[in-house]
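The values are calculated or read from the model by the stated rules, or taken from the named source; none is laboratory data. Everything numeric here is computed off the predicted structure, so don't read it as measured data. Every residue, glycine among them, receives a Cβ derived from its backbone with ideal geometry; neighbour counts consider all protein chains shown. Each accessible area value is taken on the protein alone, full model and side chains, heavy atoms only, with ligands, DNA and RNA left out. Shrake-Rupley method; radii C 1.70, N 1.55, O 1.52, S 1.80 Å.
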Number of protein chains: 2
Amino acid sequence: VFNKVALFGVGLIGGSFALTLKKAGAVARVVGFDRSGASLARARELGIIDSIAVTVADAVRDADLVLLAAPVAQTESILASLAPHLQASTVVTDCGSTKADVVAAARRALGEKIGQFVPGHPIAGRESNGPDAAIDHLFGGKKVVLTPLAENSAQAVDCVASAWTQCGAIIHKLSAEQHDLVFAAVSHLPHLLAYALVDDIANKPHADLLFQYAASGFRDFTRIAGSSPEMWRDISLANRTALLDELDAYMVQLGRLRVSLAAGDGPALEAVYANAQKARHDWIRTIEASER
Amino acid sequence: VFNKVALFGVGLIGGSFALTLKKAGAVARVVGFDRSGASLARARELGIIDSIAVTVADAVRDADLVLLAAPVAQTESILASLAPHLQASTVVTDCGSTKADVVAAARRALGEKIGQFVPGHPIAGRESNGPDAAIDHLFGGKKVVLTPLAENSAQAVDCVASAWTQCGAIIHKLSAEQHDLVFAAVSHLPHLLAYALVDDIANKPHADLLFQYAASGFRDFTRIAGSSPEMWRDISLANRTALLDELDAYMVQLGRLRVSLAAGDGPALEAVYANAQKARHDWIRTIEASER
């Protein structure tokens, strides 16, 4: 049980974390800090936080755990602001979608206190944002990837893992570099591709005609292009190197398919399509088996 | 009301068409013809068809309407087989996802009877196939695109339009060339892109690690890569020219994004992402308004 958890950011992720820990009886007191006074007031109304911290020092004082759940671009400035007030017994973690850049920012901001920072990434989300979107079961059965640092003590890592486990999440551990390579392939590239397709179509002179006939397949394919442009700009830039590698590999793949298509090579096209269908089918079956 | 409808192909599309017309009391008798004896027997058990035609001549004789709902690669051979038996009062239509190639095949197969063939494409589907997947409400509120020929009489076009309207569908008309350009952009290219991504990931040495962290965004983005490889090979080849044009435009778009990403040009990335998000949002809002 945590005596005090401090949330920096009281929206969907931070709010759901607090609500879930409270429901589990795993936290005595949650204090919130946010750039938005309206979000703080709403989070208090909703029972996400018990009190609003007026200063960063107030937020951090005597906290067992600090969760950063603000936009990832604010990570370094938040960490820098709380560093002077960080007691040795406090562990800090974050929720950013990229990790190598967060680790670099944390090293700059925290200096010799870096061992108190355990980087994390909960793989969960919803279409909506803000305190009103927070729910007490967002993380059940979802993965949380921790990318522990050499400087982290086992207790610090266990502290963060325990909080997420009590939220019903499943803990995975990767290095920050592995994490970023993996998510470049299965998340960041697909977002870029979906945005690229919708923008491409929207810029055509006959875009209205095209959108008129787009159906459910297009809707699913482009759902992730409904995500926040600012957030995905930041993720794309933060994970630029790995994303460029994945994009290059994908463009080579498209070039190969183009050759097959231009040559009318049915067997070559079918081989790619069939391999993809089978791989996706196997993947879905594995997911469904693990959820059972 | 149709006295006799002949189905070539008694699976999801043909079966749903028959069940819906029957429910609406719009057809007296449905006769089925299919390469698969098992499908025919099952379609009869399910009440999709009233009788199994032993020969093509039996299927077509005295039919008001013939619906081709077999794999599109069979279109020309089916049309060639029924052409000698086609009475002047019978109208023929199809359900193919591409139209220019179907029209060319129909011209070869039907010769001077081409005026009796009204090309069509119902924009509807389900995950599953075969007679057991057929339902009596697959087409409600869905679009059916007809691409009438200069040789079609108004009555022939009205006959096909009336059948689909009685299935609850909304009739749109395009030229075969327009149809193929539109669907290359909003359907055929996304399928190719989704297959390409899954195949690309599946072929990486660390594919298992990658798939382990793929989540709901990846699942939606790649849903269409679960489609039939044979069917999409045929569609890709049938609409090769338009698909190559769309693929080339998309690769240019990816090349531009690559430049922005490599240069760390946040505003350029955000402009594309934001334009895409807005266009998709407007599109969804239009769909939802039209469904209300």
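State which residue is most open to solvent (accessible area, probe 1.4 Å) when the search covers only segment A:94-119 and only residues that are within 13 Å of the chain's Cα centre (by Cα) and under 19 Å from A:Ala63 (Cα atoms).
Narrowing segment A:94-119 to residues within 13 Å of the chain's Cα centre (by Cα): A:94-99, A:102, A:119.
Cutting the leftovers down to under 19 Å from A:Ala63 (Cα atoms) gives us A:94-95, A:119.
Values: A:Asp94: 3, A:Cys95: 25, A:Pro119: 0 Å².
Top of the filtered list is A:Cys95.
Each row is one residue, and each column tells you yes or no for (1) closer than 30 Å to B:Arg256 by Cβ; (2) of a type in the set (A, V, I, L, M, F, W, C); (3) part of a helix (DSSP H, G or I).
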residue: A:Trp232; (1), (2), (3): yes, yes, yes
residue: A:Val252; (1), (2), (3): yes, yes, yes
residue: A:Ile284; (1), (2), (3): no, yes, yes
residue: A:Glu288; (1), (2), (3): no, no, yes
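Has segment B:236-252 got at least one residue that is more than 28 Å from B:Ala100 (Cβ to Cβ) and either crowded, with 20+ Cβ neighbours inside 10 Å or in contact (Cβ under 8 Å) with a residue 60 or more places away in the chain (or both)? Within segment B:236-252 (the criterion being more than 28 Å from B:Ala100 (Cβ to Cβ) and either crowded, with 20+ Cβ neighbours inside 10 Å or in contact (Cβ under 8 Å) with a residue 60 or more places away in the chain (or both)), the answer is no, since none of the residues qualifies. Any residue at all in segment A:191-214 that's touching a strand residue (DSSP E or B) at 6+ places or on another chain (Cβ under 9 Å), open to solvent by 10 Å² or more (accessible area, probe 1.4 Å) and more than 7 Å from chain B (Cβ to nearest Cβ)? Taking every residue of segment A:191-214 in turn, at least one turns out to be touching a strand residue (DSSP E or B) at 6+ places or on another chain (Cβ under 9 Å), open to solvent by 10 Å² or more (accessible area, probe 1.4 Å) and more than 7 Å from chain B (Cβ to nearest Cβ). Anything in segment A:55-93 that is surrounded by fewer than 17 Cβ atoms within 10 Å (Cβ to Cβ) and modelled with pLDDT of 95 or more? List them, or say none. Result: A:Thr55, A:Ala57, A:Asp58, A:Arg61, A:Asp62, A:Ser77, A:Ala80, A:Pro84, A:His85, A:Gln87, A:Ala88, A:Ser89.
A:Lys173 passes every criterion in (1) closer than 18 Å to B:Leu257 by Cα; (2) in contact with a Leu (Cβ under 6 Å, 6 or more places away or on another chain) apart from (1).
Taken as a whole, the structure leaves A:Gly96 outside the set of residues that are within 23 Å of A:Cys159 (Cα to Cα), modelled with pLDDT under 95 and in contact with a helix residue (DSSP H, G or I) (Cβ under 8 Å, 6 or more places away or on another chain). The residue list B:Val54, B:Val1, B:Val27, B:Val10 contains one member that is in contact with a Pro (Cβ under 6 Å, 6 or more places away or on another chain) and of a type in the set (A, V, I, L, M), which is B:Val10.
Cβ-Cβ distances below 7 Å connect the following pairs, each with a first residue in segment A:278-292 that is more than 10 Å from chain B (Cβ to nearest Cβ), a second residue that is modelled with pLDDT under 95 and not in a helix (DSSP H, G or I), and a separation of six or more residues or different chains: A:Glu291/A:Gly141. Please indicate, with yes or no, whether at least one residue in segment A:257-272 is under 21 Å from the mean Cα position of the chain (by Cα) and either closer than 21 Å to B:Ala207 by Cβ or in a helix (DSSP H, G or I) (or both). For segment A:257-272, residues under 21 Å from the mean Cα position of the chain (by Cα) and either closer than 21 Å to B:Ala207 by Cβ or in a helix (DSSP H, G or I) (or both): absent.
Each residue in segment B:263-282 was checked for being open to solvent by 20 Å² or more (accessible area, probe 1.4 Å) and over 27 Å from A:Leu261 (Cβ atoms), and 13 pass.
Taken over segment A:164-190, residues that are aromatic (Phe, Trp, Tyr) and within 11 Å of chain B (Cβ to nearest Cβ) amount to 1. Would you point out which residue out of B:Leu138, B:Leu189 is in a helix (DSSP H, G or I) and touching a residue at least 12 places away in the same chain (Cβ under 8 Å)? It is B:Leu189. Of all residue pairs spaced 6 or more apart or on separate chains, those with beta-carbon atoms under 6 Å, a first member in segment B:16-43 that is surrounded by fewer than 24 Cβ atoms within 10 Å (Cβ to Cβ) and a second member that is of a type in the set (S, T, N, Q) are B:Ala24/B:Gln166; B:Ala26/B:Gln166; B:Ala28/B:Asn3; B:Val31/B:Ser51. Scanning segment B:120-154 for residues that are hydrophobic (A, V, I, L, M, F, W, C), within 11 Å of chain A (Cβ to nearest Cβ) and open to solvent by less than 20 Å² (accessible area, probe 1.4 Å) yields a count of 1.
Quick check on this structure: which one of A:Asp220, A:Asp248 is touching a Lys or Arg at 6+ places or on another chain (Cβ under 8 Å), among the acidic types (Asp, Glu) and within 7 Å of chain B (Cβ to nearest Cβ)? Break it down into steps so the answer makes sense when it comes.
On the way: A:Asp248 fails: within 7 Å of chain B (Cβ to nearest Cβ).
Going through A:Asp220, A:Asp248 in turn, just one is touching a Lys or Arg at 6+ places or on another chain (Cβ under 8 Å), among the acidic types (Asp, Glu) and within 7 Å of chain B (Cβ to nearest Cβ): A:Asp220.
Would you confirm whether any residue within segment A:145-157 is free of Cβ contacts under 8 Å to residues at least 12 places away in the same chain, out of contact with any Phe, Trp or Tyr (no Cβ under 7 Å at 6 or more places or on another chain) and part of a loop (DSSP other than H, G, I, E, B)? Scanning segment A:145-157 turns up at least one residue that is free of Cβ contacts under 8 Å to residues at least 12 places away in the same chain, out of contact with any Phe, Trp or Tyr (no Cβ under 7 Å at 6 or more places or on another chain) and part of a loop (DSSP other than H, G, I, E, B).
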